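First the structure, in the form of structure tokens, and then the observations on it.
The values are calculated or read from the model by the stated rules, or taken from the named source; none is laboratory data. Everything numeric in this text was worked out from a predicted model, so none of it was measured. No Cβ is skipped: glycine too gets one built from the backbone with ideal geometry, and neighbour counts run over all protein chains shown. In case anyone asks, the SASA skips ligands and DNA or RNA and just uses the protein heavy atoms, side chains included. Shrake-Rupley method; radii C 1.70, N 1.55, O 1.52, S 1.80 Å.
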Amino acid sequence: MSEKIGRTEYTNPGDLELFRKAEKENLQLGVDRLKKMMPQCGFGELGTCCVICYMGPCRIDPFDNGPKLGVCGANADVIVARNFLRAATGGASSHAGHARELALLLLEVAEGKAPGYQVRDEAKLLFVAGSLGVATDGRTANAIAGDVARKAIEDFGRQDGKPMNWIRARTSKREYDKWEKLGLIVSNPHNEIETAMHRTSMGNDSDPLNLWLATLRMGIVDNFAGLMLATDLSDILFGTPSPKVISANYAVIKDASVNVACHGHNPIMASKLVEWADKLEGEAKAAGADGINVVGVCCIGNELATRFGVPYAGHEAQAELFLATGAIDAMVVDLQCIWPSLATIAKCYKTRFITTVPFVKNPEAIHVEFHPDKADEKAKEILHHAIAGFRERKAGAVPTHIPRVSSKMLTGISVEALVSVLSAANPSDPLAPVVSAVASGDILGAVGVVGCPNPKLRYSSMTEKMAAELLRNNVLIVTTGCVNHILAQAGFLTSEATEKYAGEKLKNVLTALGKAAGLGAPLPPVLHMGSCVDNSRIYDLLAALAGKIGIEISQLPVAGSAPEFITEKAISIGSFFLAVGILVHVAPPPRVFGSPFAVGLLTETLPGVNGGKVLVETDPEKAAAGIIAHIRAKRQALGLAQA
Ligand code: BF8
């Protein structure tokens, strides 16, 4: 099996052990299904297959004498633009749904209808309320929270065409004006999603430029109605992340514990499981366990790690392998990135696979519908299933194997936490040391390495190799999403990684900052900012840095990279950062290459309009080189040293 998946110096030995176990047990995994799928459809890869109406499917062949127009007359540029906008819309709808659940919960908390939850971070509440113009003086936290929630909900129902509250409140005038000129300011995310589906349905928008501008608008929807709204409200309800060192990798599963793997995205349910794991310790002990061990898979792993220090299990593409250990007693999921295969694999190992959201079900799962007003009761019900699973496992129901691979990582680097760490070096102007290190070239630039673990690229260690190359060139990395699991497992989120991977100049800066912050060791060269919705924190950080210098974000020597992206959500996030005007590197290739218009727009026209640009590269060294060349060009334009 190790040959089948390839192997590099970064390959997780735990993955190899479990691939071998799965092979012995005749278990089919994602990598096996991917292999059977090859070669994948070339029309699909180019984006030129249209299934929007039933005169099709129509396929435009860009290479030979095949059809150049669909039955309706749509050409490749129109088909690619429509397909891409629909993908961005799928992503933005996921993030907006996530955020809206939190807005409704905050309102319930404010009105006393969700007694299991509370405002945990009053400082963040006051900051958000202040940004929105909500009165705070002499008012209770719940009264303020109610108004903040109503402002959020107002955005989802607005019909007056005015800009979203969250855009007005949480962006600088410079960025706002830039988006306004391009017609990218949005009013109501639901209306935008409706219009995007409408305009891409058969017989509507056939102007590729108009469709691509709508994709950038969808990026704005994604950030302000999804990422940022979710992050702001999660911080208010569950606390703003703060730095902590935690454990990662397969060894977070404990043979003697009731192991509960949370998988999904929204902390509403998972935070309750963390709370009740402690409260039900007695019941777990009565079943012969030493306690209940909640661990986090994929983005909920990020949410729980950054806020509560919960052990950090693995990424989306490892979820099957966690089940293959045979030692997970319950896998509890909410929404997004939940592979249908998981419920089937869970059955093989007698793992309770529990769905909790009415629109995310699986015929092979146990369904426990979770509502915040009955949160405590439902959390107990779910954990009782897990305890029953533990009893069955200990009765010898299935063979178990937990790879003994473990890593440590520093997590919890919210913007607030970073400012507080940097305050130790410069209390009156915390961002000054970073700005001067960038100006001198000691930090050449920064890259947000974000997104998913794509099995098509995973076993070439695309993410790790690209990260190592960036660091060697003194480029600082911030991460969110599943790639952070990859980098944490490979040891990139430690002080030792600074010694091992950072170029001399970056190493000196991180060592000085670590010393000033009283860590007694360098800051890690890869800073973990959270889950995919926490990409809004990266935007906030960029906005703060650009604002301090007095330039546009698009002028900063920075870039974004989703080196192994999978989901529509990655497309909507990438569309936002294109709207911001920065370079977005992606791999595997996005489905745009069938459209000469799209390729020209994303690589040549857009950079001249707002700075946004797409770089497609599947080779890690070449990807890093392309990003570094872009950073150097930005430095040159600012008149900074090339270092
Ligand atoms: O939202 S990184 S595989 S888990 S999509 Fe999914 Fe990608 Fe993981 Fe989180 Ni983000």
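General observations
- Relative packing of 535-546, 12-23, which averages over residues the other C-beta atoms within 10 Å, highest first: 535-546, 12-23
- The portion of the accessible surface of the chain made up by carbon and sulfur, rounded to a whole percent, is 54 (1.4 Å probe; DNA, RNA and ligands excluded).
- Taking 1.002 mPa s as the viscosity and 20 °C as the temperature, the Stokes-Einstein diffusion coefficient of the chain based on its alpha-carbon Kirkwood radius rounds to 85 µm²/s.
- Of all DSSP beta bridges in the chain, antiparallel share, percent nearest 5: 20 percent
- Sum of -39500 (n - 2.57) over DSSP H runs of 4+, divided by residues of the chain (222 nm, nearest 500): -15000 deg cm²/dmol
- The peptide list 489-495, 462-468, 278-284, 364-370, put in order of mean Cβ contacts within 10 Å with the highest first, becomes 462-468, 489-495, 364-370, 278-284.
- In nm, spacing of pseudo-spin labels at R20 and R168 (7 Å Cα→C-beta vector): 6.3 nm
- Here the calculated FRET efficiency for E496 and Q642, from their Cβ-Cβ distance with R0 = 45 Å, stands at 0.95, rounded to the nearest 0.05.
- In this structure the chain gives 37 Å² per residue of accessible area when probed at 1.4 Å with all protein chains present.
- Integer Hz, Karplus 6.51/-1.76/1.60 couplings in order for the range 138-149, x for Gly and Pro: x, 10, 6, 4, 5, 5, 5, 4, x, 5, 5, 4
- With a simple spin-label model that places each label point 7 Å from the Cα along the Cα-to-Cβ direction, the separation between E275 and K244 comes to 1.5 nm.
- Cα lying deepest toward the dipole's positive end in the chain, options V526, A196, M37, charges on Cβ: M37
- The charge dipole of the range 1-145, taken about its Cα centre with unit charges on the Cβ atoms of Lys, Arg (+1), Asp and Glu (-1) only, comes to about 300 debye.
- The peptide list 58-66, 566-574, put in order of mean Cβ contacts within 10 Å with the highest first, becomes 566-574, 58-66.
- A cut-off of 5 Å between modelled amide H atoms, ignoring neighbours fewer than 5 places along the same chain, links L527 with I477, V478, T479.
- Kirkwood-type radius of the range 492-643, with distances r between different C-alpha atoms, in Å: 16.9 Å
- The Cβ shell under 13 Å around A343 holds other residues with a net charge of +2, Lys and Arg each +1, Asp and Glu each -1.
- Label sites at H371 and Q159, each approximated as a point 7 angstrom past Cα along Cα to Cβ, lie 2.7 nm apart.
- Once the Kirkwood radius over Cα pairs is known for the range 361-455, the Stokes-Einstein relation at 37 °C and 0.692 mPa s delivers a diffusion coefficient of 168 µm²/s.
- Contact order normalised by residue count of the chain, Cα under 8 Å, 6+ apart, percent: 16 percent
- Net length gained if the chain between F63 and A143 were fully extended (0.36 nm per residue, minus Cα distance): 22.6 nm
- Considering only A123, T240, A365, and ranking their Cα positions along the charge dipole of the chain that arises from unit charges at the beta-carbon of Lys, Arg, Asp and Glu, the one farthest toward the positive end is A365.
- Multiplying the residue separation of N426 and K36 by 0.36 nm and subtracting their alpha-carbon distance yields 134.8 nm.
- Counting all C-alpha pairs of the range 373-516, share separated by more than 23 Å (%): 52 percent
- About its Cα centre, the chain has a charge dipole of approximately 580 debye under the convention of +1 per Lys or Arg Cβ and -1 per Asp or Glu Cβ, with nothing else charged.
- Rounded to the nearest 20, the Cβ-based charge dipole of the range 459-583 about its Cα centre (Lys and Arg +1, Asp and Glu -1) stands at 280 debye.
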